[in-house]
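The values are calculated or read from the model by the stated rules, or taken from the named source; none is laboratory data. Just so you know, these numbers come straight off a predicted model, no measurement behind them. Ideal geometry is used to build each Cβ from the backbone, glycine not excepted, and the neighbour counts take in all protein chains shown.
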Protein chains: 2
Amino acid sequence: MKIAILFGGSSYEHEISIVSAITMKKVLKKSTLVYLFVDKDRDFYLVDSEAMKSKHFSSGDYKKDKKLTLKKGGFFAEGMFGSKEVAFDIVLNLIHGRDGEDGKIASLMEFYEVPFISPRIEASALSYNKLYTKFLAESLGVEVVPYEHLSKNGKRSITLDYPVIVKPVRLGSSIGVTIVREKEALDYALDVAFEFDNDVVVEPFLDGVKEYNQAGCKTDVWELSIVEEPQKEEFLDFEKKYLDFSRDSKVMEATIDDLLREKIRESFKKIYDPLFLGSVMRCDFFVLEDKVLLNEINPIPGSMANYLFEDFEDMIWRLAKNLPKEKKIMIDYSYIHSIQSAKGKA
Amino acid sequence: MKIAILFGGSSYEHEISIVSAITMKKVLKKSTLVYLFVDKDRDFYLVDSEAMKSKHFSSGDYKKDKKLTLKKGGFFAEGMFGSKEVAFDIVLNLIHGRDGEDGKIASLMEFYEVPFISPRIEASALSYNKLYTKFLAESLGVEVVPYEHLSKNGKRSITLDYPVIVKPVRLGSSIGVTIVREKEALDYALDVAFEFDNDVVVEPFLDGVKEYNQAGCKTDVWELSIVEEPQKEEFLDFEKKYLDFSRDSKVMEATIDDLLREKIRESFKKIYDPLFLGSVMRCDFFVLEDKVLLNEINPIPGSMANYLFEDFEDMIWRLAKNLPKEKKIMIDYSYIHSIQSAKGKA
């Protein structure tokens with residue numbers, strides 16, 4: 001299978017998307033990979049697989065690569081003798097953060113009818129926003145970490161007990177996130193968060209809470225990963241967290257009992273189906289007094305969470321053959337015809 | 001001001017988008033209009049203002065018009081001597097239903113950095129879906145008509161008293177909507193609705209309820225329309241409802257007291273700001289025992305609800321100068337540089 005890795009984007013996570021994309025070379029070994037880079041100005045480039053090193057991008061060398069135009073059905077290189085389509089079977093959306101996770105890439109792929117692996121528009125818009133993620137989970141009967149929502153121009157007080165964690169609603173990773181241990185420090189944390197977003201959620205900071213990650217997708221059947229208990233640090237800073245994006249070796253399964261594993265899997269399935277069909281996503285759960293609470297959705301996890309799957313590459317192939325189809329809408333101008341005949345114009 | 005009217009789309013409301021677009025000629029008299037048509041295959045065409053008659057589209061004549069490509073900054077006609085940009089100041093998104101209201105057009109315009117009047121991606125994704133509209137309104141403290149949510153593969157029973165109204169969650173207008181007067185008729189109504197969508201909402205059918213429409217936008221100040229009490233019919237079928245899309249003459253203001261008008265306006269503002277900045281939208285409210293309940297959001301109302309405004313064209317000009325700006329993200333490869341120097345490669 002020929003897989004086009006779409007990466008980069010106008011995103012705070014542009015650089016780690018490059019890291020994720022490079023990692024795919026080690027992970028998707030049987031596939032032929034085509035690399036489609038979205039630079040910071042949102043121009044598309046076709047990058048040779050051999051050139052896939054971080055320096056190619058940081059040095060600006062990529063600008064000598066072939067520039068592409070997205071049109072109906074795919075990406076095209078314009079040349080002296082017309083337009084030549086880049087050949088591939090499917091796009092794998094690996095743009096983390098803005099553009100990739102906020103629904104723009106999903107919209108572009110759907111509009112131009114390019115087959116793609118990624119959350120679709122609604123799934124993106126809801127999961128890119130931590131507040132809407134809460135609404136979604138609650139509506140599906142999945143419990144969430146308690147929260148309060150503050151707006152840039154609104155009140156700056158909370159009723160939660162300290163310590164709390166302050167998060168901008170629309171950013172991935174830990175950007176703009178602060179743990180606040182006492183009331184006096186709230187204002188500064190809000191200033192930081194409001195630098196990045198007009199909305200923040202404040203949650204209790206659950207010290208020592210157990211965290212478990214579950215990734216998966218639905219092909220013709222459910223394909224769920226092992227459950228991982230991620231490495232424990234208070235919270236990971238940008239750099240540490242993003243060494244994650246180059247992970248390609250298998251991890252150990254968390255030692256939890258079957259009942260808890262089943263609860264985690266059921267929560268994942270409720271969130272995934274049907275909204276996230278067509279994607280491989282990861283949910284991060286907290287477990288508190290036997291309750292499974294959704295912490296975050298990672299709609300496009302670092303290196304696609306490949307390290308959690310036994311059989312990642314074959315799964316991607318199966319998913320490529322089981323994508324949700326957009327409904328075909330017939331447009332036959334019957335309404336306009338009927339008006340025209342009523343007016344005697346037909 | 002030069003305004004590009006973007007209309008058509010792969011949508012059940014394709015034809016009435018054409019009607020809306022033609023109406024703009026009568027409404028935006030001082031502006032220079034450029035017509036950008038999205039045909040059912042999602043190809044873009046530049047349509048001459050003189051050719052803006054419904055038959056131009058129903059006959060397929062538009063296919064002789066200049067085909068356009070969307071690229072960074074705008075729409076381009078490709079010719080023998082390179083690519084020529086279509087000149088305009090702003091796009092007015094007039095695609096009703098899919099493509100226009102579901103976030104695709106907003107995504108395309110944002111990605112390619114074309115200034116546009118329309119709800120942005122999140123506002124689109126939430127208001128295109130009647131279930132998510134409920135979540136949104138409730139989270140903002142705006143009451144909604146009570147509802148139950150049913151999924152295609154889930155249970156088919158409800159607890160609401162009859163009569164009820166069954167609506168597919170993702171379609172505009174009255175497509176797939178049925179009033180159900182008794183239990184025995186529910187199954188058939190659900191079959192109809194599930195033809196169009198995998199999710200439906202069921203609401204009490206509120207006979208004789210008062211309905212009021214409020215449109216508006218925020219430029220540098222609030223610009224709210226008059227409140228209209230729309231023409232009362234049980235519910236409007238597709239054809240009748242869509243004669244609405246050619247409306248261009250002013251309507252009478254509803255005779256309501258100041259307190260109620262104020263409640264309606266406050267509810268509108270809560271929903272609009274900040275999510276719908278950059279758009280002119282319309283909210284349809286029910287009033288029941290002095291309570292104002294949101295019935296529906298019309299993110300791109302028929303003919304832009306121009307008939308509700310005193311000063312529609314000037315308002316559009318002011319809005320064009322007060323659009324929300326996408327945050328500029330600096331990408332300087334500092335992360336990759338720091339990894340490279342750690343590895344001794346820099």
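Here are some notes:
- Any chance A:Ser151 is of a type outside the set (Asp, Glu), within 21 Å of A:Tyr128 (Cα to Cα) and touching a residue at least 60 places away in the same chain (Cβ under 8 Å): no
- Residue match in the stretch A:71-80 (condition: of a type in the set (D, E, K, R), at the interface with chain B (Cβ under 9 Å from one of its Cβ atoms), under 26 Å from A:Leu171 (Cα atoms) and surrounded by 15 or more Cβ atoms within 10 Å (Cβ to Cβ)): no
- Sub-9 Å Cβ pairs linking a first residue in the stretch A:327-339 that is over 14 Å from B:Gly8 (Cα atoms) to a second residue that is of a type in the set (Lys, Arg) and at pLDDT below 90, at least 6 apart or interchain, are A:Ile339/A:Lys345, ordered by first then second residue.
- In summary, A:Lys152 fulfils each of the numbered conditions (1) touching a helix residue (DSSP H, G or I) at 6+ places or on another chain (Cβ under 8 Å); (2) of a type in the set (D, E, K, R); (3) buried (at least 17 other Cβ atoms within 10 Å of the Cβ) with the single exception of condition (3).
- Filter pass, B:Leu68 being closer than 25 Å to B:Pro299 by Cα and buried (at least 20 other Cβ atoms within 10 Å of the Cβ): no
- Some residue of the stretch B:17-39 being surrounded by fewer than 20 Cβ atoms within 10 Å (Cβ to Cβ), part of a loop (DSSP other than H, G, I, E, B) and within 14 Å of chain A (Cβ to nearest Cβ): yes
- Screening the stretch A:67-178 for helices (runs of 4 or more DSSP H) wholly inside it with 1 or more residues that are under 26 Å from B:Gly9 (Cα atoms) returns the ranges A:104-111, A:121-127.
- The stretch B:303-325, residues that are out of contact with any Lys or Arg (no Cβ under 7 Å at 6 or more places or on another chain) and crowded, with 20+ Cβ neighbours inside 10 Å: B:Met304, B:Asn306, B:Leu308, B:Phe309, B:Phe312, B:Ile316, B:Leu319, B:Ala320
- Checked against (1) more than 10 Å from chain A (Cβ to nearest Cβ); (2) touching a helix residue (DSSP H, G or I) at 6+ places or on another chain (Cβ under 9 Å); (3) of a type in the set (Lys, Arg), B:Lys84 meets all criteria but (2).
- Restricted to the stretch B:121-177, and to residues there that are among the hydroxyl-bearing types (Ser, Thr, Tyr) and within 19 Å of B:Ile264 (Cα to Cα), the residue that is nearest to the other protein chains (Cβ to nearest Cβ) is B:Ser139.
- No other residue among A:Phe312, A:Phe286 is among the aromatic types (Phe, Trp, Tyr), closer than 16 Å to A:Gly216 by Cβ and in the same structural domain as A:Glu229 (by TED's automatic domain parsing) apart from A:Phe312.
- For the stretch A:41-55, filtering for residues that are without any contact (Cβ under 8 Å) to a residue 40 or more places away in the chain, part of a loop (DSSP other than H, G, I, E, B) and within 14 Å of another protein chain (Cβ to nearest Cβ) leaves 4.
- The stretch A:109-120, residues that are at the interface with chain B (Cβ under 8 Å from one of its Cβ atoms) and either over 22 Å from A:Trp317 (Cα atoms) or of a type in the set (Val, Ile, Thr) (or both): A:Phe111
- Hey, A:Phe7 within 22 Å of the chain's Cα centre (by Cα) and in contact (Cβ under 8 Å) with a residue 60 or more places away in the chain or not: yes
- Neighbours by Cβ (under 9 Å, 6+ apart or cross-chain): first from the stretch A:70-99, free of Cβ contacts under 8 Å to residues at least 24 places away in the same chain; second assigned to a loop (DSSP other than H, G, I, E, B): A:Phe76/A:Val86; A:Glu85/A:Gly73
- From A:Ile329, A:Ile336, A:Ile316, A:Ile297, residue being under 25 Å from A:Phe111 (Cβ atoms) and in a strand (DSSP E or B): A:Ile297
- Qualifying positions in the stretch B:155-207 - surrounded by 19 or more Cβ atoms within 10 Å (Cβ to Cβ), farther than 22 Å from B:Ser127 by Cα and without any contact (Cβ under 8 Å) to a residue 24 or more places away in the chain: B:Ala189
- Matching residues in the stretch A:17-63 - criterion: being within 22 Å of the chain's Cα centre (by Cα) and basic (Lys, Arg): A:Lys25, A:Lys26, A:Lys40, A:Arg42
- Candidate set from the stretch B:276-294 (those that are modelled with pLDDT of 95 or more and assigned to a loop (DSSP other than H, G, I, E, B)); member that is nearest to B:Ser127 (Cα to Cα): B:Phe276
- Within the stretch A:2-13, being under 18 Å from A:Leu46 (Cβ atoms) and either at pLDDT below 95 or among the aliphatic types (A, V, I, L, M) (or both) holds for A:Ile3, A:Ala4, A:Ile5, A:Leu6.
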